[in-house]
Amino acid sequence: QVQLVESGGGLVQPGGSLTLSCAASGSIFRVYAMGWYRQAPGKQREFVATITRGAVTNYAESVKGRFTISRDNAKNIAYLQMNSLKPEDTAVYYCKFQFGSGDYWGQGTQVTVSS
């Protein structure tokens, strides 16, 4: 059994920064890709960023240059550093980890960008 727990969400003013974390626990052998997705009210869940075990990253165009994904393989944690936040970044952010047994999702953490 694997669990993913996100943390670090909250309310931030436009232009501000937040760092999200996603920690995996349970029966873990190896985590392959780690990713972040988000879902705004009334919209479908969308891709934000991914990072491979070898630290190759990929970003949605809307967050390139503002967000940075990273990972700690020893601790099975993914991070999402979010800078220059905009109101349109407001969403529930979810992490997804790829294991040999399949993909697992976290429960989500709310990020609200508002003055």
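The values are calculated or read from the model by the stated rules, or taken from the named source; none is laboratory data. All figures in this text were calculated on a predicted structure; none of them were measured in a lab. All Cβ positions, even for glycine, are placed from backbone atoms using ideal geometry, and neighbour counts span all protein chains on display. In case anyone asks, the SASA skips ligands and DNA or RNA and just uses the protein heavy atoms, side chains included. Shrake-Rupley method; radii C 1.70, N 1.55, O 1.52, S 1.80 Å.
Which of the numbered conditions does D103 fail, given that it passes all the others? Conditions: (1) charged (D, E, K, R); (2) in contact with a strand residue (DSSP E or B) (Cβ under 7 Å, 6 or more places away or on another chain); (3) not in a strand (DSSP E or B).
It fails just one condition, (3).
Between a residue in the stretch 95-115 that is at pLDDT 95 or above and any residue that is acidic (D, E), which pairs come within a Cβ distance under 6 Å, given they are 6 or more apart or on different chains?
C95/E6; K96/D103; G106/E6; T109/E6; V113/D89
Might you let me know whether the stretch 25-47 holds any residue that is surrounded by 12 or more Cβ atoms within 10 Å (Cβ to Cβ) and without any contact (Cβ under 8 Å) to a residue 40 or more places away in the chain?
Among the residues of the stretch 25-47, at least one is surrounded by 12 or more Cβ atoms within 10 Å (Cβ to Cβ) and without any contact (Cβ under 8 Å) to a residue 40 or more places away in the chain, which makes the answer yes.
Being in contact with a Lys or Arg (Cβ under 8 Å, 6 or more places away or on another chain), closer than 13 Å to W36 by Cβ and not polar (S, T, N, Q) is the requirement here; does Y79 meet it?
yes
How about the stretch 68-113: which of its residues are of a type outside the set (S, T, Y), open to solvent by less than 20 Å² (accessible area, probe 1.4 Å) and within 21 Å of A24 (Cα to Cα)?
Selection gives I69, A78, L80, M82, C95, F97, F99, G106, G108, V111.
Of the residues G8, G15, G65, which single one is crowded, with 16+ Cβ neighbours inside 10 Å and at positive phi?
Only one candidate passes the filter, namely G8.
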